[in-house]
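Q: Provided herewith is a single structure, encoded as structure tokens, for subsequent inquiry.
The values are calculated or read from the model by the stated rules, or taken from the named source; none is laboratory data. Owing to the predicted nature of the structure, the values given are computational and were not obtained by experimental measurement. Here Cβ is always computed from backbone atoms with ideal geometry, including for glycine, and neighbour counts include all displayed protein chains. Areas reflect the complete protein model, heavy atoms only, side chains present, ligands, DNA and RNA absent. Shrake-Rupley method; radii C 1.70, N 1.55, O 1.52, S 1.80 Å.
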Amino acid sequence: MATLYIEEYQNIMTERDGTNIQAPGTLLADQKVTVGASSAASSAFNALTRLLILTSDVACQFSFAASPTASATTGYLPADTPRSFGVVGGEKVAVITQQ
């Protein structure tokens, strides 16, 4: 079974010049979503979540929104390659196998 692993963190720090720095700190929550042939969404992120680290054991497409749907035209996540994203608390991520 293919899985998307979601780690939720609160911290995105800002440098003096306005550049964002990802600083995970303490894990707020973690989720797992099964990656399959149709779009599947996570639960809503913690209200304090500002940074996600996504890792999947298969190549997949993903999308963030209040009610997301992943498809062939949404973001691409390579297999076994953690990627960080700034997000809005309360939103979700949807995932589907690479299209």
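Q: For the chain, would you read off the P(r) tail past 24 Å as a percentage of all alpha carbon pairs?
A: 19 percent
Q: Hey, what's the chain come to in accessible area per residue, 1.4 Å probe, Å²?
A: Heavy-atom SASA per residue in the chain reads 54 Å².
Q: With all protein chains present, how much of the accessible area of the chain (probe radius 1.4 Å) comes from carbon and sulfur, to the nearest whole percent?
A: Result for the chain: 49 percent of the exposed heavy-atom area is carbon or sulfur.
Q: Rounded to the nearest 20 Debye, what is the dipole magnitude of the chain about its Cα centre when Lys and Arg each give +1 and Asp and Glu each give -1 at the C-beta?
A: Taking the Cα centre of the chain as origin, the dipole is about 160 debye.
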